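I have placed the structure first, in the form of structure tokens, so that the comments after it can refer back to it.
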Amino acid sequence: MAVSAVPAGDPPEVALPDPAERPCHVSGVLFDRHDPPVDGAAVVAGCAPRLARHLAHLTGWVVAHWKVGDHNRYLVATTLEDGLELALTLTSEPQEDVHWRLTAGDAGGVAFDRGKREQLQRFGFGPTGDHAGWERESRITSPRDADNAARELLALLTEVFGYCGKAPLTFALDQNQRAEPGLVYRAIAAEDLRKLLQSWGYRAEAGTTASGTPVIRSGTGGYRFHILFAWPTGDSRLFGCLNFVTVFTGRQHLTLNTVNDISRTSRFGRLYLDDDGDLILERDVSLTGGVAATYLQECLLDWACMMESVARKLDQFAKVPVIIH
């Protein structure tokens, strides 16, 4: 029978790393094994304050300590009475909600009985897209949010899965980065580029193409354009090449020779008619070998100049002013 007494002796405190230290890994015990088992109130009393401190550290993004591409991961794991291995991972990135992912055993927990599925849904969880677990999003932006999230996490473990301290409740914190030291990008994630664009004053909206690859919609100087992503790496979120694209309308009386002449004078881009007869301006930016964030910013400035220059040349031959969309 579970008892309500808090186990004597807390697990040793593990020092949390400096937020700017990346990559790094720390791990330890949130709640030690206890026999006889305890009830949910004792579990909460025994580790909620420590867990809240960890979650506040996980999500406490201070501008001076992070750069685009930094991300933190916090894993809580234990073994339940029936031998099922339970893992709950919280992933945090600057300016983003926290992503929770719950997996249990080899099946990822998708085969839970109806009662557990309904309980998970009450906690805001739904099946993951890959059907390998359960997930939800939450916002943690203050110590109070962190305390609430800690108590909700422990309620999930104790009320849904019956955790009672028969096995240790462990944690692992990883602080990682997608950019190499010095902000060198050999590949980039769409969400990281979106944040860079916004930090430089550009409008940036993330989306996907019909084939499911990322796309960013942006604009500058009254001209709209898309950034497509090519050359995927082993990490499905990272791409090694950016493709800047815009489409022109109002191209009456433009001959193929005119289009070719303008394209030849565009040093860093190409202008062409596609199979549908649309006039396309493109530029590819390769990240091979690694590039700095300032290089990407300069490429955007060059692209803006290119769109304006091509539009001006096209206006000389079009019957109506050229529009970029």
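The values are calculated or read from the model by the stated rules, or taken from the named source; none is laboratory data. From a predicted model like this one, the values you see are computed outputs, not experimental measurements. Because the Cβ atoms are built from the backbone with ideal geometry, glycine has one as well, and the counts that use them run over all protein chains shown.
Things to note:
- Count of the stretch 147-193 residues which are assigned to a helix (DSSP H, G or I), crowded, with 16+ Cβ neighbours inside 10 Å, assigned by TED's automatic domain parsing to the domain that holds H99 and among the small types (G, A, S): 2
- Note on the stretch 220-236: among residues that are among the aliphatic types (A, V, I, L, M) and out of contact with any Gly (no Cβ under 8 Å at 6 or more places or on another chain), the one that is surrounded by the most Cβ atoms within 10 Å (Cβ to Cβ) is I227.
- The condition of being assigned by TED's automatic domain parsing to the domain that holds T170, over 23 Å from N176 (Cβ atoms) and not hydroxyl-bearing (S, T, Y) holds for R33.
Every residue, every condition in (1) over 22 Å from the mean Cα position of the chain (by Cα); (2) closer than 18 Å to D97 by Cβ, yes or no:
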site: T158; (1), (2): yes, no
site: A172; (1), (2): no, no
site: R194; (1), (2): no, yes
site: G221; (1), (2): yes, no
site: L228; (1), (2): no, no
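- Some residue of the stretch 137-145 being touching a Phe, Trp or Tyr at 6+ places or on another chain (Cβ under 8 Å), modelled with pLDDT of 95 or more, under 30 Å from T294 (Cα atoms) and of a type in the set (G, A, S): no
- Number of residues in the stretch 75-94 that are under 10 Å from the mean Cα position of the chain (by Cα) and part of a loop (DSSP other than H, G, I, E, B): the value is 2.
- Any hit, the stretch 202-211, residues being surrounded by 14 or more Cβ atoms within 10 Å (Cβ to Cβ), of a type outside the set (K, R) and under 18 Å from E308 (Cβ atoms): yes
- In the set (1) at positive phi; (2) loosely packed, with under 13 Cβ neighbours inside 10 Å; (3) modelled with pLDDT under 80, the condition left unmet by R264 is number (1).
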